[in-house]
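Every read-out reported here was derived from the displayed coordinates using simple, explicitly stated rules and does not represent laboratory data. Note that the coordinates shown come from a computational prediction; the quantities given were computed from them, not determined experimentally. Here the Cβ positions follow ideal geometry from the backbone for every residue, glycine too, while neighbour counts run over all protein chains shown.
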Amino acid sequence: MATKIGDQESPQASASHQPSVKRAPPPETPAAIQTRFRVIAAFWAVIIFLGFPIWWKTTSIYRASLPIEEMVDWADGKACRPVFPLEIHLATPSMQSLEAQHLLRTTQHALDDLNEFAAHHLRLKLSNGSTTATHNGEDSPESFKYLAEETADTALTVRLLPQEGLVGPRSELQTATTQLDIFYPPNQVPVPSSSNSPLSAFITAELQRLYSEEKATIAYILSGNTAGLDSTSPQLAEEIDRRLRRSIKYAETYHLSFSLFTPGSEPSSWDIEAAVNEYVSPLLQALSPISNFTIDTQVQLYANFAPTAPKPEYDESEAVWTLKKEGLSAFVNAAEWPLNPSIGSGPTINFILYIPDPSQSPLFVKENRASSWMVPQWGGVFILNPPLSHTDKQGGPSNPTHLSQDSLGPAFMTFSHQLLTLLGTPSTPTSLPLRLQTSIRIRAASLLLSASSTMGSLARLTKSLPSIPIPATVATSVSTTLSHLSSSCAHLREGRFSAALASARVAETEAERSFFEKSMVGQVYFPDEHKVAVYLPLLGPIGVPLVVGLLKELKRIAGRRKAKGAP
Amino acid sequence: MALLLRFLRAFALLLLVSAVVAEHTSNWAVLVSTSRFWFNYRHLANVLSLYRTVKRLGIPDSQIILMLPDDMACNPRNAFPGTVYSNADRAVDLYGDNIEVDYRGYEVTVENFIRLLTDRLDEDVPRSKRLGSDSGSNVLVYMTGHGGDQFLKFQDAEEIGAWDLADAFGQMWEKKRYHELLFMIDTCQANTMYTHFYSPNIVATGSSEIDQSSYSHHADNDVGVAVIDRWTYYVLEFLETQVTSVTSKLNLGDLFDSYDESKIHSQPGVRWDLFPGGEQEGRLRTVVDFFGNVQNVEVENANATEPGSLKEDLVEIARLVEKWQKRDKEYSAILGNSAGNATEDPHSSSLHLKLKSTVGTTKMAEDSGWGKRLVGISVVGACTAIWVAGSIFGRSSV
Amino acid sequence: MAVDRRKIAVFGAAFVLRLLLTCLFPSLPDLLTGRVEVSTPVNSFKRLQEGLFLYTRNVSPYDGGVFHQAPLLLPLFALLPNAKSWPLPTAIFYFLVDLLNAYALLTISASGQSVKSRLHSAVRKHVRWDGVSVAAWFLFNPLTIATCLARSTSVFTTSGILFAVSNAVSGNTINAMLALGFASYLSLYPVLLFIPLVLLCYDRRSEGSSPPNVGSFIVQHAALLLASVAGLLGLSCLITGDFWEFISATYGFHLLVPDLTPNVGLWWYFFIEMFDSFREFFLGVFWLHLASYMGGLTARFRRQPLFVVTALLGVFAIFKPYPSISDASLFFALLPLYRHLFPLMRYTFFAGSAILYSSLLGPAFYHLWIYAGSGNANFFYAITLVWSLGLSILLADTVFAALRDEWEQECPGMVGAEVRQV
């Protein structure tokens, strides 16, 4: 290639000099000299005015400037100290306002004294007793309006109700709402003069208990371990750690894949749509502030175990088939069962409903007779043993051909439960709305942290790999991330957790996008001597006649100058 | 006393934490052969043998990235079409009928390999071609091919340098894409490839020192070429005969101690210094920590499967959702904005989610032809008119 | 004016030959359409049909990423019956375009501009072919016939260029610019011919009474060229609707060379092998290399602008991004105008044998590589190198001969003197 162009170039270049090198050449006319000058000038004009700018433009690595300092600050936690001020409304419908004020003050004092993790604290607030009482009675909790308002989310409403005939205060958590009812004997209303009262101590203890797991989890996320908290029991710490490890990595969108597997030909249909709408959709709606979900379903007949998987054993004593617990990991035949659809960007959570062969039904786990288990970070399995029908003429019993919505109920409720677990929802307190709220706070904290650390990674990467290009889109993503991080942080400070989560989600998505920008793959290691090898074969042969022509021309001009100057 | 108790508790907690940190939650394997052409049969056989081993020990195909630059099984020179063997006894067909190659042929390039490690891939690259590891993943990277001092050739056309590899691992660590990483390489002067690594938690091992060649083990006269390399052969021998199940307690120390230079004919190397705790700590990692899959299935305990509590929970959620939607409708009515999903009932919104992935189709119908012809005629007419006008004016102006 | 019998015979024979080839070997056109030597991504008839299919179904023709030709070809071909079911009308349309091109060549030859222009008069004026021979040389060139049968859309660019030249030499400068605008609109690269062509026009105009001002003449004609291109682009925009889509699918495609299907040129292999980070730089280098000849050749051959056009067409045939044999056939078509230079050429044997050798071995090596699998890409690339080498020897030799001719004209005493190449 290179020699080719050289061939093309050199006769021409030499041809243009040809008159001057002939044996006994006739003198060159001034017109010929001028023409030659023009030819050389034309080539050099192209090189200088077009060639060099193109060379400059195409070989320089574009590196958009990033706010490195700010990014590192976020990663080091200097830019934001995430705090979680939980606003708790105290509804005292039957208390004097002065008494209520006092109770609030003492309880707040007690809470503050006991709190050992400053980032997470409870802020008591007296709510307008009469309205709240009626309001909370039957309506949905305030906190679930996730439209960002200028007021803080209400984490919990504590309703203090006097009740006759009690020895000490008693609490009752309403599992459907975010409301804690505390019944107290009317005589225990603290008098404004006393500094502490059994009622305020009771409220304090109740609140502490309610939020201990959340506090420990957030502390764990923020600092990497729970060592900072003395009150956390090792069991709780272990529980938190286990939960965080089995939960799936956060994603903007999760694909839920519900699959029916059976080794025979039946059942071949199921009321999947109704079942999903009935048992899964409400939960997904409740989880929608945290992530998006897509659902797909499949029915796979004649799905066999892997040849190496342990076979079910027959338990004579109970007339059931059993699977050993340690063999469960090989239950899913990953090689042949068509799971893991590779469509879309988010991770897939698999839920497998397995109907055993009639000859192996009913099938249970040997150790505890359970029929379902969970595979961390992957999904869940449920073995459904439907009632067998004996209508088959050939003799043996057979599975029903169709699974109704009702028969799918237990399985799908288990799947919902597994989904909650896989998404890392905490197990306490017992009220699901409170758990979901806690989940929002935990997600906000972890996303804030992960987006910040991605920013730090990107900053370090930028510094350590100078040959990597940084396109402008990365700079935009980074600035979006940073702005959303700070707004998320501000929302947290104000106690608006849903809004904080929404910002943190945007920040996380943008941060991931900026780090995984496709064009940011560094030039493969490319020392300068390689560059010579790239440029020389082509540009050398082109360049030599051009440079020689230029030099000759310059020499001629210089010579003429001298000749002019001499006489 | 109380203080002592507290101290003890904190200590116990600390122990617990450190024990917890050492665990990983998933396993990934990246198995790369970098050379094509028939006479490099053994490199594909190396990789496929490793593939069989990790699959046997439980890593599913979805967590194995297999890069094969050539298809030996279907090579016209293969006397045993459709098969690949790594031993002259031809006992095990490595190709079998269940193999998932993620990158094949000319897809196996340095760029794709680096993109795979750093996950800088197009959005539409399927998940099967991505390394989805995270901060809890143990990753096994095995490479084989023709290499030299601090480089490994890819496909005869390009090469990956030790610097590139180190930077790729550095970025993986930076983005928490592995928990611990075992890097294995079988090529000439293999140990030079890991000299530039700088990210922590990596154990690296190679087949030969600088200025040493790695040799093939034996040839199969019927296949006509060498079928496996020495170092890989003895590593596999260890894995196949000693690590028989996922529960094997053999550790990396045992694996590396099994290297026998008189058999391998080169000096294999191991690099421990990036691993926290160095060689002592690293030796304790079991082989299945990298070659097997984590196997912790959680059987639902009795009270969790008990439908009562869960059912109640679900009923509550359903009620909650209903109320919440009512509220949302009020809000959107007040704000006058169509707030998308929130205002839809769960039924239609879940349907909506399902349909989202399908691409819309458009019906193509041929135009009756006259419209297009008319356009054609007018275009040709306009051009001709301008041309004729040009001829008239052009001529008159001369 | 008496009808020239030879002319009719040549044109008629060319027409009949093409018709016979089409009718006797009905699969020949489709075979040629699929050959990489004839059809490139920017002139392939197959791709045009794909675009046409989408166009007649009211889908953007550029949607499939297959079609990269100018949008105005679509309404034109929509007028013709479907080439799949009635191939003959389309084929005959192409035959007629070929004959038209030959007619333009006839005009160029008849003007005598190649031997005697305003500033130059060749030494061997008498050694020349007449117009009919030039047209016959063009019409019976196997490369031209192959291009015509393959229905490559390059023939329209060829028409544009030839009519631009023929109108320029016959003094109709407006139509020259219109035709050049059409050619540039179709294939982008003919715009590089503007300077020599406008000088040709200027020389013709100056032969008359009062020579116009050079600067304003050039500016006027540049404006005319721009207007014609803008008009065509406007029409295209009306047809396709989306301006940027068709610009990026056509001119973007020409400029950025994303499709590296093998062809007879030098670019594809080079850019397959090039490191990605240098791709853009070498794209720039290759385009500049192509463009830089324009200035140098124009300056050197200011006295023979028609020769500059010929030489540039030779350069394009070798160095343009998607060359096909039709570009070579255009260069070969203009060469016989310089019959008087043939005696001065020294390497015709080498050039001729290199071209013959490569045109015979090229298809064979391509077959070995793609179909038989017993060769690899290097085989075919090597043969395209030989092809380009042959063309460049021919081109360099022609340029040398033209220089020699100019020199002999300046120094009449040296006619026939021996030349030593350094």
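Of the residues B:TYR234, B:ASN221, B:SER258, the one whose Cα sits farthest toward the positive end of the charge dipole of segment B:212-260, with +1 on the Cβ of Lys and Arg and -1 on the Cβ of Asp and Glu, is B:SER258. Rounded to the nearest 10 degrees, what's the angle between the helix C:348-366 long axis and the longest principal axis of chain C, both from Cα atoms, 0 to 90? The helix C:348-366 is inclined about 0 degrees to chain C. Give the residues of segment B:114-134 whose amide nitrogen is closer than 18 Å to a point set 7 Å from the Cα of A:GLU252 in the direction of its Cβ. Flagged as within label range: B:119-127. Here the simple spin-label model places points 7 Å from the Cα toward Cβ, and for A:LEU114 and C:ILE272 these points are separated by 7.5 nm. Using 31 Å as the Cα-Cα cut-off, could you pick out the over-long pairs in A:LYS249/B:LYS55; A:LYS564/C:LYS125; B:LYS55/B:LYS263; B:LYS55/B:LYS175? Violating the 31 Å Cα-Cα cut-off are A:LYS564/C:LYS125. Here segment C:280-312 is scanned for amide nitrogen atoms under 11 Å from the site 7 Å beyond the Cα of A:VAL532 along Cα-to-Cβ, giving none. Take each residue in C:296-303, count the other chain C-beta atoms within 10 Å of its C-beta, and the mean is 5. For the residues of A:322-328, the average number of beta carbons from a partner chain within 10 Å of their own beta carbon is 2.
If R0 is 60 Å, the Cβ-Cβ spacing of C:ALA364 and A:LYS564 corresponds to a FRET efficiency of close to 0.45. About its Cα centre, the dipole of segment B:23-291 is roughly 360 debye, where the only charges are +1 on Lys and Arg Cβ and -1 on Asp and Glu Cβ. In whole Å, how far is the Cα centre of segment A:57-95 from that of segment A:460-485? Taking the Cα centre of segment A:460-485 as reference, the centre of segment A:57-95 is 16 Å away.
Points 7 angstrom from Cα along the Cβ direction at C:ASP259 and C:ALA291: gap in nanometres? In this crude spin-label approximation the distance works out to 2.4 nm. Seen against the Cα atoms of chain C and their longest principal axis, helix C:243-256 is set at about 60 degrees. Measuring r between the beta carbons of B:ASP254 and A:LEU388 and using R0 = 60 Å, the FRET efficiency lands at 0.75.
Of C:GLY241, C:GLY215, C:GLY171, the residue with the greatest mean-square motion in the GNM of chain C, using alpha carbon springs below 10 Å, is C:GLY215. For chain C, the residue among C:GLN304, C:LEU149, C:PRO258 whose Cα projects farthest onto the positive side of the dipole built from Cβ charges is C:GLN304. What you get for segment A:248-421, charging only the Cβ of Lys and Arg (+1) and of Asp and Glu (-1), is a dipole of about 340 debye around the Cα centre. If you plug the beta carbon distance of A:PHE37 and A:ALA306 into 1/(1 + (r/R0)^6) with R0 = 60 Å, you get a FRET efficiency near 0.15. Inter-chain Cβ neighbour count for A:403-412, averaged per residue, equals 1 (cutoff 10 Å, partner chain atoms only). In percent, rounded to a whole number, the relative contact order of segment B:144-224 is 31, using alpha-carbon pairs under 8 Å and six or more apart.
Packing here is the average count of other Cβ atoms within 10 Å per residue, and on that basis the peptides B:127-140, C:39-52, A:550-563, A:92-105, highest first, run C:39-52, B:127-140, A:92-105, A:550-563. Projecting the Cα atoms of B:PHE197, B:THR109, B:THR286 onto the charge dipole of segment B:23-291 (Cβ charges, centred on the Cα centre) puts B:THR286 farthest toward the positive pole. When +1 charges are put on Lys and Arg Cβ atoms and -1 charges on Asp and Glu Cβ atoms, the dipole computed for chain C relative to its Cα centre reaches about 1020 debye. Rounded to the nearest Hz, the phi-derived 3J(HN,Hα) couplings of segment C:317-323 under the Karplus curve 6.51 cos²θ - 1.76 cosθ + 1.60 (θ = phi - 60°) are 4, 8, 10, 6, x, 10, x, where x marks glycine and proline. Annotation: peptides C:394-402, C:285-293, B:26-34, ranked by per-residue average of other Cβ atoms within 10 Å with the highest first, follow the order B:26-34, C:394-402, C:285-293. Of the peptides C:182-193, A:379-390, the ranking by mean beta-carbon count within 10 Å, highest at the top, reads C:182-193, A:379-390. Residues A:HIS120, B:HIS196, A:HIS402 in ascending order of nearby Cβ atoms (within 10 Å, fewest first): A:HIS402, B:HIS196, A:HIS120. Between A:ALA490 and A:THR476, the simple spin-label model (points 7 angstrom out along Cα→Cβ) gives 2.3 nm.
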